[in-house]
Amino acid sequence: MKSSGKCPKCHGENILVFENKNKNSKKSTADYEVIGAFGKQIFTSRYVCCDCGYTERYFDDESLEKLKKKYKKIRG
Ligand SMILES: [Zn+2]
């Protein structure tokens, strides 16, 4: 969805993105998760299909790096 611009469920192409661009703004529409081990917000961008309502959420690159340091992978 993020790379294809298409909904994986209904194949619709009316995709909205709520990007995490300004983490520090109180007006930011970014989604976030509070992950216990960090005690702070980890931000995500959300993709929404306007045809069927399906949504996907992605952690941003900076948050992924933090997560990779903190948590174990299933493999490797
Ligand atoms: Zn859809």
- Item | Calculated FRET value between His11 and Lys68, using beta carbons and R₀ = 25 Å, to 0.05 | 0.20
- Message: Can you order the peptides 44-52, 62-70 by their average number of other Cβ atoms within 10 Å per residue, highest first?
- Response: 44-52, 62-70
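Values quoted throughout were computed directly from the atomic coordinates according to the rules given, and no laboratory measurement underlies them. For clarity, every value in this text was computed on a predicted model and none was experimentally measured. As a convention, Cβ positions derive from the backbone with ideal geometry for all residues, glycine included, and neighbour counts pool all protein chains shown.
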